[in-house]
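The values are calculated or read from the model by the stated rules, or taken from the named source; none is laboratory data. Nothing here was measured: the structure is a model prediction, and the numbers come from that model. Here the Cβ is made from the backbone with ideal geometry for all residues, glycine too, and neighbour counts use every protein chain on show. All accessible areas refer to the heavy atoms of the entire protein, side chains included, with ligands and DNA or RNA removed. Shrake-Rupley method; radii C 1.70, N 1.55, O 1.52, S 1.80 Å.
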Amino acid sequence: MKTLVRHIFLLSILLAYSFAVFSQAQWIDSVKRALAKRKADTNKVNTLINLSDAYRFSYPDSALIYAQKALALAERLHSDNQIFWSVVAANASLYVLGNYTLELDYAFKALPIAKKLNNPYTTGFSNGMLSDCYYNLGEYDTSLKYWRKVIQICEQDLPGERYAVYGNSSRIFNAMHQYDSALIYAKKSYELIEHTQALDINNYDGKRIRSILFTALGDAFEGKENHDSATFYYRMSIPYSAETHMEVNKIDDYNGMATVFQSIGRQDSAIWYAKKALDERIAKTYPLGLLKAANLLAAVYESKNNPDSSLKYLHISLAVKDSLFNREKTIAFQNIIFKEQEKQKDVEAAKIELQKRYRMYFLVALLTISLVIAGITIRNRRIRQLQNIRNRIADDLHDDIGSTLSSISIMNELAKAKSPDAFSLLTSIGESTSAIQENMGDIVWAIKAGNDRFENVLQRMNQFASEILDSKNIELEFASDASLSAIKLTMEQRKNFYFFFKEVINNAAKHSRAEKVSVCIDQKDHHIEMNINDNGKGFDANKIFSGNGMNTLKKRAAELNGDFKIASNIHEGTHVQLKFKIT
């Protein structure tokens with residue numbers, strides 16, 4: 001009866017498995033038919049990736065071919081996202097095939113793409129692939145280093161994936177013989193699985209994660225020498241590994257059972273499970289599992305005094321170790337290349353950043369120069385406009401008022417001839433008209449833009465003083481600093497400076513009875529200083545200042561924001577000084 005029940009149970013499992021395989025085969029066939037009709041676009045890349053995933057555990061060679069086709073098409077389409085997931089598919093196929101060196105190549109290829117995509121899934125996957133590669137190659141410290149990054153990303157951004165991340169953490173801690181940490185993470189994972197509806201015990205994902213987790217629990221309990229619990233979880237994992245085609249995990253389960261039986265002295269059972277591990281179809285492509293089984297069989301046969309069998313499995317173990325040693329050298333070389341590539345990328349990134357910074361400085365400098373040029377251009381335009389206005393006003397004064405005053409002078413002379421009785425009045429009108437004409441000439445000269453340079457002012461001052469003083473037989477000594485020629489005065493400065501000088505010279509010509517007048521103009525500490533001396537009769541400066549005689553000079557000096565002084569005594573001549581700042 002028991003035999004019948006056992007056969008019925010085995011038959012039901014076989015039928016269920018056959019139905020699952022048949023359903024999967026139907027799905028794969030439909031995907032293949034769809035693939036033949038698809039254009040070479042991103043949808044075709046996704047289809048190739050799906051086929052690679054479907055074939056991964058049953059036909060890893062085919063899975064790798066589909067992944068490589070997806071990668072080639074994604075690179076032609078320049079789609080970084082599809083390139084990354086094609087690399088992930090190829091990496092997963094190489095893991096099953098046991099080609100860990102090439103798997104590591106693909107993992108390194110994925111890392112810069114993940115950085116470029118910059119999202120939690122791609123960053124997590126790229127670090128996870130590197131962790132798996134180093135785990136498979138026995139580099140557990142390096143594996144944990146990358147896996148800690150995965151844990152951090154998961155807890156911060158992908159809390160729904162914690163069950164898988166914690167389960168794999170347990171596996172790594174087991175390999176490092178940190179069994180307490182392994183149990184902590186395994187229990188965390190199991191609690192999350194039990195509360196996740198999508199991981200029901202009857203669906204594929206639920207079975208697959210339980211397969212991995214129960215193996216990790218078995219390893220942890222065996223590490224703590226709790227053989228009963230270890231056996232329980234290994235036995236729980238084996239059927240889930242078989243149903244989900246996790247042959248690699250099933251090898252780990254068989255090796256775990258063999259280790260338990262070796263520890264409790266059941267050598268035949270240990271041999272049976274170790275050989276089951278070696279008999280698995282992908283055992284030869286899983287060097288770590290193969291090494292563990294060979295070492296265990298060599299040790300068991302040695303304890304049973306069977307040197308031939310022990311030597312046989314010892315040779316297998318040495319061959320696997322030699323293979324792993326060669327791979328370790330390859331890893332070291334790849335690490336050097338990877339670090340050099342990363343260094344070059346950092347250097348290139350620094351160059352790009354420096355170029356951006358220089359470009360920014362150039363743009364800022366260009367903008368500043370442009371603004372300065374624009375400001376200068378606008379300023380010069382306004383100056384030219386003001387100069388044109390000034391010239392137009394000067395021309396209007398000269399043409400209109402000047403011609404009117406000339407007409408008055410002519411009519412005044414005619415009136416003198418016709419009206420002898422009004423001669424004195426007409427003479428006064430003529431003198432006033434001449435004075436107005438002279439003053440207007442000075443104003444027109446001051447307004448003209450072409451007379452802004454100081455040398456023009458000096459030339460007119462010298463000319464005016466010479467004409468006035470020569471008519472009174474007064475000697476003129478006129479001296480000026482050569483550096484003044486380059487100075488420019490504003491229209492207001494030029495007008496007030498010239499009119500101040502003119503007033504002093506007129507006073508000297510009319511009232512001083514001097515034989516000599518000396519004029520000296522210098523530049524001192526950004527100031528213009530003018531000193532005018534005569535050797536005439538002089539006057540009482542106190543009386544003059546108390547009256548209205550100096551009002552014009554005071555007004556001109558004030559408008560220049562300057563200072564002026566008059567020093568004079570009777571019979572000792574007169575000294576006038578004017579000093580104002582230039583900008």
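Return yes when Tyr95 is in contact (Cβ under 8 Å) with a residue 40 or more places away in the chain and open to solvent by 50 Å² or more (accessible area, probe 1.4 Å) and no when it is not. Judged against the criteria, Tyr95 is a match.
Does Leu297 satisfy the criteria of being open to solvent by less than 60 Å² (accessible area, probe 1.4 Å) and out of contact with any Pro (no Cβ under 9 Å at 6 or more places or on another chain)? For Leu297, the condition - open to solvent by less than 60 Å² (accessible area, probe 1.4 Å) and out of contact with any Pro (no Cβ under 9 Å at 6 or more places or on another chain) - is met.
Would you check if Leu199 is surrounded by 14 or more Cβ atoms within 10 Å (Cβ to Cβ) and closer than 23 Å to Asp228 by Cα? Let's see the steps before the verdict.
Details: surrounded by 14 or more Cβ atoms within 10 Å (Cβ to Cβ): yes; closer than 23 Å to Asp228 by Cα: no.
Spelling it out, it is not the case that Leu199 is surrounded by 14 or more Cβ atoms within 10 Å (Cβ to Cβ) and closer than 23 Å to Asp228 by Cα.
For segment 218-233, name all the residues that are under 17 Å from Thr244 (Cβ atoms) and either open to solvent by less than 30 Å² (accessible area, probe 1.4 Å) or under 48 Å from the mean Cα position of the chain (by Cα) (or both). Steps first, answer last, please.
The initial filter retains those residues of segment 218-233 that are under 17 Å from Thr244 (Cβ atoms), namely 218, 233.
If the condition is that a residue be under 17 Å from Thr244 (Cβ atoms) and either open to solvent by less than 30 Å² (accessible area, probe 1.4 Å) or under 48 Å from the mean Cα position of the chain (by Cα) (or both), then Gly218 is the only one that fits.
Of the residues making up segment 107-124, none is farther than 28 Å from Asp41 by Cβ, among the β-branched types (Val, Ile, Thr) and open to solvent by 10 Å² or more (accessible area, probe 1.4 Å). Out of Leu137, Leu144, Leu104, report the one residue that is surrounded by fewer than 23 Cβ atoms within 10 Å (Cβ to Cβ) and modelled with pLDDT under 90. Leu137 is the lone residue from the list that is surrounded by fewer than 23 Cβ atoms within 10 Å (Cβ to Cβ) and modelled with pLDDT under 90.
Search segment 54-75 for residues that are among the basic types (Lys, Arg) and pair each with any residue that is crowded, with 20+ Cβ neighbours inside 10 Å and part of a helix (DSSP H, G or I) when their beta-carbon atoms are under 7 Å apart and the residues are at least 6 apart or on different chains. These pairs meet every condition: Arg56/Ala63; Arg56/Ala92; Arg56/Ser93; Arg56/Val96; Lys69/Leu48. Inclusion of Ile271 among residues that are under 24 Å from Lys188 (Cβ atoms), in contact with a helix residue (DSSP H, G or I) (Cβ under 7 Å, 6 or more places away or on another chain) and part of a helix (DSSP H, G or I) is not warranted.
Return a yes/no flag: does segment 491-511 have any residue that is aromatic (Phe, Trp, Tyr), under 18 Å from Gln577 (Cβ atoms) and out of contact with any strand residue (DSSP E or B) (no Cβ under 8 Å at 6 or more places or on another chain). Show your work before the answer.
Restricting attention to segment 491-511, the residues satisfying the condition of being aromatic (Phe, Trp, Tyr) are 497-501.
Subset that is under 18 Å from Gln577 (Cβ atoms): 497-501.
Filter once more, so that each one left must be out of contact with any strand residue (DSSP E or B) (no Cβ under 8 Å at 6 or more places or on another chain): 498-499.
Yes, the conditions are met somewhere in segment 491-511.
Residue count for segment 478-534 satisfying the condition of being among the small types (Gly, Ala, Ser), open to solvent by 50 Å² or more (accessible area, probe 1.4 Å) and modelled with pLDDT under 85: 3.
Residues in segment 461-477 that are open to solvent by 30 Å² or more (accessible area, probe 1.4 Å) and in a helix (DSSP H, G or I): Asn462, Gln463, Ser466, Glu467, Ile468, Asp470. With respect to (1) within 22 Å of Ser241 (Cβ to Cβ); (2) out of contact with any Ser or Thr (no Cβ under 6 Å at 6 or more places or on another chain); (3) crowded, with 23+ Cβ neighbours inside 10 Å, the lone exception for Gly167 is condition (2). Restricting attention to segment 44-54, the residues that are within 12 Å of Ala92 (Cα to Cα) and surrounded by 22 or more Cβ atoms within 10 Å (Cβ to Cβ) add up to 2.
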